[in-house]
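Enquirer: This is the structure I want to talk about, given as structure tokens.
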Amino acid sequence: MDIEEDIRALQLDSSEGNGVMANVEDVKPQDVEKPDLKDEVNATSKPVTIEPECTSEVKHKDTEDKMEDIRKRHLNVVFIGHVDAGKSTIGGQILFLSGQVDDRTIQKYEKEAKDKSRESWYMAYIMDTNEEERVKGITVEVGRAQFETETTRFTILDAPGHKSYVPNMITGASQADIGVLVISARKGEFETGYERGGQTREHVQLAKTLGVSKLFVVVNKMDDPTVNWSKERYDEIESKMTPFLRASGYNVKKDVQFLPLSGLVGSNMKTRVDKSICPWWNGSCLLEALDAVEVPQRDPKGLLRLPIIDKFKDLGTVVMGKVESGSVREGDNLLVMPNRAQVKVLAIYCDEDKVKHAGPGENLRVRLSGIEEEDILSGFVLCSVANPIPAVSEFVAQLQILESLDNAIFTAGYKAVLHIHAIVEECEIVELMQQIDPKTKKPMKKKILFVKNGAVVICRMQVSVFFFCVNNMICIEKFTAFPQLGRFTLRTEGDELTLVHYLISIFYLNLLG
């Protein structure tokens, strides 16, 4: 009798267990969350409620999106300035002070620099990673690195300072949100960079033209024996730079901030410089200033525009670039222009993290299906299928001529190199259409055949070399719609900056499709 009751009790327990298991099987493993300690303690007194599968998935997706949305804001900072001003050293010091590089690595670089009889270069080795850059002591390619503060994630873009690598500097500056102009306070070095032919002037003009609206002017090497944290030297540099920055288009009061520092020893970078070293400085340090900067927000719901700066193979085709507008999400069906290849987003990587989606301003690696690596070139643009970026071979633009080489006359037939987002391409001025009156800002009625330095002119331009596979077309936008993709620079083969300004309208000639 007792045995029969025990069997009956076991059957009842089994049936109740099966009822619970039937409900659990309807829930996918990823939807079951581990209870915390408080849930375990109260498990016997609380009823178990299992939500339907669809509700759980929606909540999981919403939580995932919210976690990515609350990521720190992201800013790209480009370090520009004359060669040997200390850009790479400052970048390396920032990474060391923010904990991105350990003491053991620094000791290794110190030894390597000492073996090359270049003891003061060891901090630059953090940013200058290839042997050619370390031997020559100059940056060739745009160096990239990341660091974080309490509120912001930063990507450092260490641009070359040598005049032979200005195209690489343009590539870095075109991706930047804010700029850090590095000036050497050492006797003679500031003057060399600032005089005609020095890269300080050209880099400022290029940065403004390429959309770097906020600029920090850091006076480096203040600890040098020829300077010794001299206020007089700092004031001299500021007084000479201010009129030039204003003439280049910067609002000095709102958009420019000066500060002294020493990149080699890290003074006034993470913490404010000690009063015993620099008693006259009452401003912020570099990282405080960067953290406090405000830049215009871009619309994450706008049309997707992601200019491709590089590509490689890694379990498929992977492209690299900065999201200039809109957002990209895993699983999106997109278009690569100008060859109109339809692709699907397989994975998105932001810094070293894999993410489900990313918004404007982020530097991404995007794995694509539907296209081969050899079918993509730098300057192609990843965009939405419904609203692709225009692909043109001829367009109308407004140019301001800053300096033409040897005071050359600018007329139809003038050839130059066009730099716009990731594109570097030869072009030709086909026709001078109108000259703009500098006083009234309105077109002049008289017909023009040529113009000289200082003129503002509307002209028709043509891409002159069959570089792109598809009818030598390039991807550009109207400046009024997408400033980042409608702003360009023209340079000649010489040393000087030649032409600058904004794309104001486009003739959709030979547009694909």
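Enquirer: What is the percent carbon and sulfur in the accessible area of the stretch 189-341, measuring with a 1.4 Å probe over the protein chains and ignoring ligands? Numbers along the way, then the final one.
Expert: Numbers: 3330 of 6680 Å².
The value for the stretch 189-341 is 50 percent carbon and sulfur by accessible area.
Enquirer: Return the inverse of the average 1/r over all pairs of distinct C-alpha atoms in the stretch 180-313, which is the Kirkwood hydrodynamic radius, in Å to one decimal.
Expert: Working: mean 1/r = 0.0606 Å⁻¹.
One decimal place: 16.5 Å for the Kirkwood radius.
Enquirer: Let me ask something additional. Kirkwood Rh and Cα-based Rg: tell me the resulting Rg over Rh for the stretch 101-243, rounded to two decimals. Don't jump to the answer; show the numbers that get you there.
Expert: On the way: Rg = 16.1 Å, Rh = 16.7 Å.
My calculation puts Rg/Rh at 0.96.
Enquirer: Where does the charge balance sit around residue 434 when Lys and Arg score +1, Asp and Glu -1, over other residues with C-beta under 15 Å from its C-beta?
Expert: Details: positive: 441, 442, 445, 446, 447, 460; negative: 431, 437.
My count for the surroundings of residue 434 gives +4.
Enquirer: Follow-up question, since we're still on this one. Given the pairs 187/231; 163/478; 163/231; 208/254, which span a C-alpha to C-alpha distance of over 20 angstrom in this model?
Expert: On the way: 187/231 14 Å; 163/478 30 Å; 163/231 30 Å; 208/254 14 Å.
Listed pairs above 20 Å: 163/478; 163/231.
Enquirer: Mind giving me the FRET efficiency for residue 346 and residue 409? R0 is 51 Å, r the Cβ-Cβ distance, nearest 0.05 is fine. All intermediate terms of the calculation are to be shown ahead of the outcome.
Expert: Details: r = 52 Å, r/R0 = 1.03.
For R0 = 51 Å, the calculated efficiency reads 0.45.
Enquirer: Next up: Going through the cross-link list 114/354; 270/322; 313/356, which pairs have a Cα-Cα distance over 29 Å in this structure? Intermediate results must be reported in sequence, preceding the final value.
Expert: Details: 114/354 39 Å; 270/322 27 Å; 313/356 21 Å.
Going by Cα-Cα distance, 114/354 fall outside the 29 Å limit.
Enquirer: Suppose a student asked you for the relative contact order of the stretch 325-416, using Cα pairs under 8 Å spaced at least 6 residues apart; what percent would you report?
Expert: 27 percent
Enquirer: Which FRET efficiency value, to the nearest 0.05, do you get for residue 240 and residue 329 by plugging their Cβ-Cβ distance into 1/(1 + (r/R0)^6) with R0 = 45 Å? Please list the in-between numbers first.
Expert: Values: r = 49 Å, r/R0 = 1.08.
Step by step, r from the Cβ atoms, then E = 0.40.
The values are calculated or read from the model by the stated rules, or taken from the named source; none is laboratory data. Note that the structure is predicted; figures quoted are calculated from it, not measured. Every residue, glycine among them, receives a Cβ derived from its backbone with ideal geometry; neighbour counts consider all protein chains shown. Each accessible area value is taken on the protein alone, full model and side chains, heavy atoms only, with ligands, DNA and RNA left out. Shrake-Rupley method; radii C 1.70, N 1.55, O 1.52, S 1.80 Å.
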